[in-house]
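Reading through the structure tokens given below for one structure.
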Amino acid sequence: MNLVSNIPVLVIIIPLFSAILIPVFGRISRSFGWYISLFATFFSFIISISLLNTVLTTGKISYRLGGWEPPWGIEYLVDYLNGYVLVVVGLIAFIVTVFAKKSVEKEIDADKITPFYSVYMLFITGLMGIIITGDIFNLYVFIEIASLSSYALVAMGRKRAALMASYNYLILGTIAATFILLGIGYLYMVTGTLNMADLSRRLPALYNSKVVLTAFAFFTVGISLKLALFPLHIWMPNAYTFSPSVVSAIMASTATKYGAYILIRIMFSVFTLDFDIRVIPFNEILVFLSSVAIIAGSVIALAQTNLRRMLAYSSVGQIGYIVLGAAIANQLAMTGGLIHILNHALMKGTLFLVAGSILYMTGIEEISDLNGMGRKMPLTMAAFTIGALSMIGFPLTVGFVSKWYLALGALDAGMWPLVLVIIISSLLTAVYFGRIIERIYFRDSIGAGEDSNQIIGQSGQSEAPMSMVLPTLILAGLCIVFGIAAFFPVSIAAKAANMLLGGG
């Protein structure tokens, strides 16, 4: 076995071993934690691109751990869907890690920096494992790795509220994990297999079994909690608001995406479209819930005064878009939902990195204190504006691409009221982002944050360090690049949608 043939497992091994190495080298210098994380996320990203390229050129990849043939052994499987999601997660993880060095040094106590990076890499390990595994119990194991790591990351915020946010997240996350594990147990009880592909072959004959229906119900509730699908989103606002900026950025960009990935994988790969529509009208339920999430998330975000809390509630609505695409379940809508996994990661990653840069330079967290910030931090606020326009769905941005495909899919399915849902949500988004843009560019004074403007005055510069500004601008630039050159990610998402809907 050579290195090339083991590439699928390297996407997990590299971040896992880096999590082990960081405490060892951290005894020499705290800075080693960041350097090891940077190299690990970079190589994981490169490997993800390699895996996706292989899938696009030669077809899906099956990797058998220990040489054990599935369904007896654990299988890592890469197809259009998870190859695409691996690249999204790898990209965001690398860019956020570049941003992290200065931000972590300011927001996390010095004695916690090394443990932070170690837990951070465990979180990345969990994400990558969730996406690549083809074994449903192995999926649960990686969910727990990612979840336990995220609880610890949230708790590393300096405010006391971070501990309470982490505790609430822990309670609800544990409930979600319990439901998912029960679902797995019920499926194993009636099928005798844990391999997802094998499950999909055995389940159709058991679709009317009460055990299978119960398992699906447990999966639905558990995954919806992890996904923060309205009204099961209550852990998210505080977790995003009080955690360190880097944690908010990586979780907003990737954590909910793995929930969306699991939901789509269970709905269309373990179960089938026939089960979702004929056996139980699950798609109709999800259409309703996602529509409510889209509107409710936007309305609640409109009422927020804290910048990161507003971004958290807007994520509730954006998650609704992904779920809506899966619920409509035709080629166009599914493509729109899948492309929104990438697009929302870019948009929300940009916005949370901007929030982190503002906090680093001024200590400001409240929207009312952002007056005139466009003149103090022009590059950072330009990135914010691009992210905001993308969230609204302005043409030539990634947000427009997602909403366009979702609207076309809704019309194709004869669900024209959903187009109104998308339009109303976009207008609400324009209002709550518009008020911030008005403040940062058209008002004169900056309000006093926790550190006021002293940091800006002392440093003699208006922008955050370039190691923070550059990754923010890269994500903002990609919001434009993939808004104009949308054909590339859309082509991959379309292939994944076709595969999920039974087209190959």
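The values are calculated or read from the model by the stated rules, or taken from the named source; none is laboratory data. Quick caveat, the model's predicted, so the values are computed rather than measured. Because the Cβ atoms are built from the backbone with ideal geometry, glycine has one as well, and the counts that use them run over all protein chains shown.
Filter region 297-310 down to the residues that are out of contact with any strand residue (DSSP E or B) (no Cβ under 8 Å at 6 or more places or on another chain) and either among the polar types (S, T, N, Q) or not in a helix (DSSP H, G or I) (or both) and list them by number. Within region 297-310, 298, 303, 304 meet the criteria. Within region 261-281, the residues that satisfy the criterion of being surrounded by fewer than 18 Cβ atoms within 10 Å (Cβ to Cβ) and in contact (Cβ under 8 Å) with a residue 12 or more places away in the chain are 273, 274, 277, 279, 280. When residue 108 is tested against the conditions (1) among the β-branched types (Val, Ile, Thr); (2) modelled with pLDDT of 85 or more; (3) under 19 Å from residue 360 (Cβ atoms), the lone failure is (2). Taken as a whole, the condition of being within 30 Å of residue 62 (Cα to Cα), modelled with pLDDT of 85 or more, assigned to a helix (DSSP H, G or I) and in contact with a Ser or Thr (Cβ under 7 Å, 6 or more places away or on another chain) applies to residue 145.
Can you tell me which residue within region 372-384, out of those that are touching a helix residue (DSSP H, G or I) at 6+ places or on another chain (Cβ under 6 Å) and crowded, with 19+ Cβ neighbours inside 10 Å, is nearest to residue 463 (Cα to Cα)? Ranking the candidates gives 380 first. Within region 207-239, if we keep just the residues that are over 30 Å from residue 312 (Cα atoms), in contact (Cβ under 8 Å) with a residue 24 or more places away in the chain and part of a loop (DSSP other than H, G, I, E, B), the residue that is nearest to the chain's Cα centre (by Cα) turns out to be 207. Take residue 331 and decide whether it is surrounded by fewer than 22 Cβ atoms within 10 Å (Cβ to Cβ) and farther than 27 Å from residue 96 by Cβ. Yes, satisfied.
Remark: residue 438 falls outside the filter, which requires a residue to be acidic (Asp, Glu), at pLDDT below 85 and either part of a helix (DSSP H, G or I) or under 22 Å from residue 389 (Cβ atoms) (or both).
So that you can scan it fast, the table gives a plain yes or no per residue for (1) aliphatic (A, V, I, L, M); (2) out of contact with any Leu (no Cβ under 8 Å at 6 or more places or on another chain); (3) part of a helix (DSSP H, G or I):
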| site | (1), (2), (3) |
| --- | --- |
| 268 | no, no, yes |
| 295 | yes, no, yes |
| 315 | no, yes, yes |
| 326 | yes, no, yes |
| 351 | yes, no, yes |
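Only one of the numbered conditions (1) in contact with a Phe, Trp or Tyr (Cβ under 8 Å, 6 or more places away or on another chain); (2) modelled with pLDDT under 90 is violated by residue 126, and that is (2).
Just give me the residues in region 183-201 being in a helix (DSSP H, G or I) and either charged (D, E, K, R) or without any contact (Cβ under 8 Å) to a residue 40 or more places away in the chain (or both), in sequence order. Passing the criteria: 183, 185, 186, 189, 190, 191, 198, 201. Kindly indicate whether residue 204 is part of a helix (DSSP H, G or I) and either loosely packed, with under 15 Cβ neighbours inside 10 Å or touching a Ser or Thr at 6+ places or on another chain (Cβ under 6 Å) (or both). So residue 204 passes the test. Here residue 446 passes the criteria (1) closer than 17 Å to residue 384 by Cβ; (2) modelled with pLDDT of 85 or more; (3) surrounded by 21 or more Cβ atoms within 10 Å (Cβ to Cβ) except the one numbered (2). Taking the conditions (1) part of a helix (DSSP H, G or I); (2) in contact (Cβ under 8 Å) with a residue 24 or more places away in the chain; (3) more than 25 Å from residue 76 (Cβ to Cβ); (4) in contact with a Ser or Thr (Cβ under 8 Å, 6 or more places away or on another chain) in turn, residue 151 satisfies each one other than (2). Considering only region 308-322, I want to know if a residue exists there that is more than 29 Å from residue 78 (Cα to Cα) and of a type in the set (Lys, Arg). Within region 308-322, one or more residues are more than 29 Å from residue 78 (Cα to Cα) and of a type in the set (Lys, Arg). Number of residues in region 67-86 that are part of a loop (DSSP other than H, G, I, E, B) and in contact (Cβ under 8 Å) with a residue 60 or more places away in the chain equals 4. In region 374-414, what count of residues is obtained for those that are in a loop (DSSP other than H, G, I, E, B) and β-branched (Val, Ile, Thr)? Adding up the residues that qualify gives 1.
Picking from residues in region 283-308 that are over 30 Å from residue 365 (Cα atoms) and buried (at least 19 other Cβ atoms within 10 Å of the Cβ), the one that is modelled with the lowest pLDDT is 286.
Identify all residues within region 127-142 that are touching a residue at least 60 places away in the same chain (Cβ under 8 Å) and assigned to a helix (DSSP H, G or I); write none if there are none.
Hits for region 127-142 are 127, 128, 129, 130, 131, 132, 136, 138, 139.
Taking the condition more than 30 Å from residue 492 (Cα to Cα) and either basic (Lys, Arg) or surrounded by fewer than 19 Cβ atoms within 10 Å (Cβ to Cβ) (or both), does residue 34 pass? When the stated conditions are applied, residue 34 does not pass them. Residues considered: 104, 89. Of these, the only one that is in contact (Cβ under 8 Å) with a residue 40 or more places away in the chain, closer than 20 Å to residue 471 by Cα, buried (at least 23 other Cβ atoms within 10 Å of the Cβ) and within 14 Å of the chain's Cα centre (by Cα) is 89.
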